[in-house]
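Single-structure report; data block below.
The values are calculated or read from the model by the stated rules, or taken from the named source; none is laboratory data. Worth saying up front: this structure is predicted, and the values here are computed from it rather than measured. Using ideal geometry, Cβ is built from the backbone for each residue, glycine included, and neighbour counts are taken over all protein chains shown. All accessible areas refer to the heavy atoms of the entire protein, side chains included, with ligands and DNA or RNA removed. Shrake-Rupley method; radii C 1.70, N 1.55, O 1.52, S 1.80 Å.
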Amino acid sequence: MQDDDPYVARASAPQALLEISGLTKAFGPHSVLKGVDLKIAPNAVHAVIGPNGAGKTTLVNVITGVHPPSGGTIAFAGEDVTDLAVHHRARRGLARTFQITNLFGDLNAQENVEVALAGTRRYRLARLDADVRARAGATTARDLLALVGLATAAQVKAEVLSHGDQRLLEVAVALACQPRLLLLDEPSAGMSPAETKAFIDLVNERLRGKVTIVLIEHDMAVVMGTADRICVLAGGAVLADGTPNEIMQNPFVREAYLGRA
Ligand SMILES: Nc1ncnc2c1ncn2[C@@H]1O[C@H](COP(=O)(O)OP(=O)(O)OP(=O)(O)O)[C@@H](O)[C@H]1O
Ligand SMILES: [Mg+2]
């Protein structure tokens, strides 16, 4: 009888979309992640900040399957994905952008997105999943370019786009996979102030609520302008995780990171 009680259902904690437990990563003798626990709630914009070398990119690489972890577990949408290959995680809805731009420079913006869409469709058509097929077919490269604010740059070669526009194009490419979780590794690095502002608007006005975001970021204006929660990574361990307010008030965070920023 208790199981049918709607109040009981509401009172239980919402399931995390991504749950990382005791994650460790060593490169030879060099221990880079030292037991990271982190929960990412559905539809959150969850920033991960921390000094250079803290292990932020390594965390993204281990979450997406580029590097196998040395220990610990990664659960995505309730499934243990710790040992899955990169492409199997991508098919389940994990997508990322790179700290170093990763586009086809001699293809134009639209072609870069079309390549990503084609790869996604090929897999989904093969599964003959009518519902997903309809959704994949309904999304065009032009829709995605418009979403990130690059509609007028569709025919421009990726290599001649401004640095900021290249980062936006990478977001469009990642969105072509229709991810449930998008990991962005320093998207605003190298952006002009105007491009940074446009990126904050993109997250707040067009991405929030549609896709869960893990945002690795050094620019505190971007972090404070977008994040619902902030995880502070220092020396491969979580120093603090909380709301922006909690993080700003945390004396350890202030001393270890924000005070020097
Ligand atoms: N493939 C690798 N092999 C060996 N060491 C690595 C490898 N990748 C990262 N490291 C080391 O792990 C540590 C953390 O690096 P990582 O790139 O994750 O830091 P980060 O927090 O992303 O830094 P940044 O803010 O500069 O991007 C560094 O000491 C780095 O040299
Ligand atoms: Mg990094």
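Listed values, structure above:
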| item | result |
| --- | --- |
| For residue 240: the one exception among (1) open to solvent by less than 60 Å² (accessible area, probe 1.4 Å); (2) within 16 Å of ligand 1 (Cβ to nearest atom); (3) touching a His at 6+ places or on another chain (Cβ under 7 Å) | (3) |
| Within region 44-68, tally of residues that are under 18 Å from residue 222 (Cβ atoms) and of a type in the set (Ser, Thr, Tyr) | 1 |
| Condition met for residue 97 (of a type in the set (Val, Ile, Thr), within 16 Å of ligand 2 (Cβ to nearest atom), under 23 Å from residue 236 (Cβ atoms) and open to solvent by 30 Å² or more (accessible area, probe 1.4 Å)) | no |
| Residue match in region 76-88 (condition: assigned by TED's automatic domain parsing to the domain that holds residue 252, outside any helix (DSSP H, G or I), within 13 Å of ligand 1 (Cβ to nearest atom) and among the hydrophobic types (A, V, I, L, M, F, W, C)) | no |
| Selection count where residues are within 15 Å of the chain's Cα centre (by Cα), within 27 Å of residue 31 (Cα to Cα) and open to solvent by less than 30 Å² (accessible area, probe 1.4 Å), scope region 224-237 | 2 |
| Selection count where residues are in contact (Cβ under 8 Å) with a residue 24 or more places away in the chain, among the hydrophobic types (A, V, I, L, M, F, W, C) and open to solvent by less than 30 Å² (accessible area, probe 1.4 Å), scope region 70-90 | 2 |
| Leading residue by the ranking (nearest to ligand 2 (Cβ to nearest atom)) among those in region 197-217 that are assigned to a helix (DSSP H, G or I) and open to solvent by less than 10 Å² (accessible area, probe 1.4 Å) | 199 |
| Residue in region 183-196 that is crowded, with 21+ Cβ neighbours inside 10 Å, outside the structural domain of residue 114 (by TED's automatic domain parsing) and away from ligand 1 (no atom under 16 Å from the Cβ) present | no |
| Criterion: aliphatic (A, V, I, L, M) and either modelled with pLDDT under 95 or assigned to a loop (DSSP other than H, G, I, E, B) (or both) - qualifying residue of 117, 59 | 117 |
| Cβ-Cβ under 7 Å pairs, at least 6 apart or on other chains, region 52-65 side more than 8 Å from ligand 1 (Cβ to nearest atom), far side modelled with pLDDT under 95 and part of a helix (DSSP H, G or I) | 64/86; 64/89; 65/86; 65/89 |
| Residue that is among the aliphatic types (A, V, I, L, M), within 16 Å of ligand 1 (Cβ to nearest atom) and either in the same structural domain as residue 239 (by TED's automatic domain parsing) or open to solvent by less than 30 Å² (accessible area, probe 1.4 Å) (or both), where the choices are 40, 49 | 49 |
